[in-house]
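The structure appears right after this line, and notes come after that.
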Amino acid sequence: MRFLVCNADPAVRVFLAMAFALVLSLLQGLCTSLAGLGISIVLALVLAPNLRRLCQNLLVANCFVLFVWLTVPWTMPGTALWSPGPFCFTYEGVELSLRVTIKCNAILLAFLTFMADMEPAGLGCALERLHVPAKLVFLILLTSRYVHVIGDEWKRLKMAAALRGFVPGSNMHTYRTLASMLGLTLVNSMDRAQRVYEAMLLRGFAGHFHMLEESRPRGADRVLVLVCLIVLLALLLADTARVWETASWPIF
């Protein structure tokens with residue numbers, strides 16, 4: 001079943017990723033959020049081209065979710081579950097942190113499943129076909145292409161400073177040196193951007209990119225979109241009607 005995503009039209013993949021992100025973020029009920037997470041897990045198991053890489057990306061993202069658990073339950077007012085000294089660990093904080101964790105993982109799983117292994121050029125053409133503003137498409141494409149060039153320029157400046165005996169510390173000399181390095185990086189990046197733009201014009205760039213192979217939605221893509229939209233609509237209706245939350249949901 002993984003070929004359904006790998007061979008799907010890029011515009012279909014981007015549309016489904018955005019649809020899942022939008023609907024899952026709008027869910028209010030805890031049970032419907034859990035159902036959304038379960039659907040995302042099933043999608044990942046069935047459709048994800050590379051489960052190992054997906055799990056690695058998910059683990060990195062949950063490192064940031066950990067900060068929610070370290071702060072929200074201790075700062076949100078509500079019913080105290082644990083009160084060590086002046087601090088208060090509240091039920092409402094735990095419930096909110098749990099909702100954030102569930103939604104974050106559900107959205108990431110769905111998004112990474114549909115967007116995995118997509119080339120920047122394919123992403124740009126998909127966004128253009130979905131009528132995303134052209135300037136935003138150019139920004140995404142050129143950033144993905146040249147961000148490592150800016151990183152290489154910064155590394156060269158750091159190496160040059162180190163060869164001249166620069167040792168960073170907490171003093172004005174360090175701050176001035178770092179500010180100069182950042183300024184040089186910005187100036188060099190602007191010069192390179194101008195050269196790249198002129199080179200694109202010389203090669204006939206007329207405001208949009210062309211793919212060597214024009215991709216169009218197939219029958220399988222339409223079926224995939226229909227099934228996903230039905231599932232998302234069912235989630236929204238269940239969440240609106242509060243079908244699964246007639247009673248309070250126990251945290252523990």
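Restricting the search to the range 96-117, which residues are surrounded by fewer than 18 Cβ atoms within 10 Å (Cβ to Cβ) and part of a helix (DSSP H, G or I)?
From the range 96-117, those surrounded by fewer than 18 Cβ atoms within 10 Å (Cβ to Cβ) are 96, 99-101, 115, 117; that's our starting set.
Hits for the range 96-117 are 96, 99, 100, 101, 115.
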Q: Could you check residue 59 against (1) of a type outside the set (Gly, Ala, Ser); (2) part of a strand (DSSP E or B); (3) within 14 Å of the chain's Cα centre (by Cα) and say which number it fails?
A: (2)
Q: Give 166, 111, 138 a once-over and let me know the one that is closer than 25 Å to residue 48 by Cβ and either aromatic (Phe, Trp, Tyr) or over 22 Å from the mean Cα position of the chain (by Cα) (or both).
A: 111
(Q) Conditions first: (1) surrounded by 11 or more Cβ atoms within 10 Å (Cβ to Cβ); (2) part of a loop (DSSP other than H, G, I, E, B). Residue 153 passes all but one, so which condition is the exception? (A) (2)
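Take residue 29 and tell me if it is touching a residue at least 12 places away in the same chain (Cβ under 8 Å), of a type in the set (Gly, Ala, Ser) and touching a Leu at 6+ places or on another chain (Cβ under 6 Å). Don't jump to the end; show me each part of the working.
On the way: touching a residue at least 12 places away in the same chain (Cβ under 8 Å): yes; of a type in the set (Gly, Ala, Ser): yes; touching a Leu at 6+ places or on another chain (Cβ under 6 Å): no.
For residue 29, the condition - touching a residue at least 12 places away in the same chain (Cβ under 8 Å), of a type in the set (Gly, Ala, Ser) and touching a Leu at 6+ places or on another chain (Cβ under 6 Å) - is not met.
For every residue, the table says whether it meets (1) at pLDDT below 85; (2) of a type in the set (Val, Ile, Thr).
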| residue | (1), (2) |
| --- | --- |
| 7 | yes, no |
| 15 | no, no |
| 18 | no, no |
| 35 | no, no |
| 58 | yes, no |
| 75 | yes, yes |
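Being surrounded by 13 or more Cβ atoms within 10 Å (Cβ to Cβ) and modelled with pLDDT under 75 is true for just one of 214, 245. Which residue is that?
Values: 214 fails: surrounded by 13 or more Cβ atoms within 10 Å (Cβ to Cβ).
Just one listed residue meets the conditions, 245.
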Q: Restrict the check to the range 69-77 and report whether at least one residue is loosely packed, with under 14 Cβ neighbours inside 10 Å and either assigned to a loop (DSSP other than H, G, I, E, B) or in contact with a Leu (Cβ under 9 Å, 6 or more places away or on another chain) (or both).
A: yes
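Please work out if residue 111 is modelled with pLDDT of 85 or more and of a type in the set (Phe, Trp, Tyr).
On the way: modelled with pLDDT of 85 or more: yes; of a type in the set (Phe, Trp, Tyr): yes.
So residue 111 fits the description; yes.
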Q) Is one or more of the residues making up the range 31-45 over 14 Å from residue 110 (Cα atoms), touching an Asp or Glu at 6+ places or on another chain (Cβ under 7 Å) and in the same structural domain as residue 226 (by the TED database)? A) yes
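The values are calculated or read from the model by the stated rules, or taken from the named source; none is laboratory data. Not measured: the values here are computed from a predicted model. FYI the Cβ positions are ideal-geometry reconstructions off the backbone, even for glycines, and counts take in every protein chain you see.
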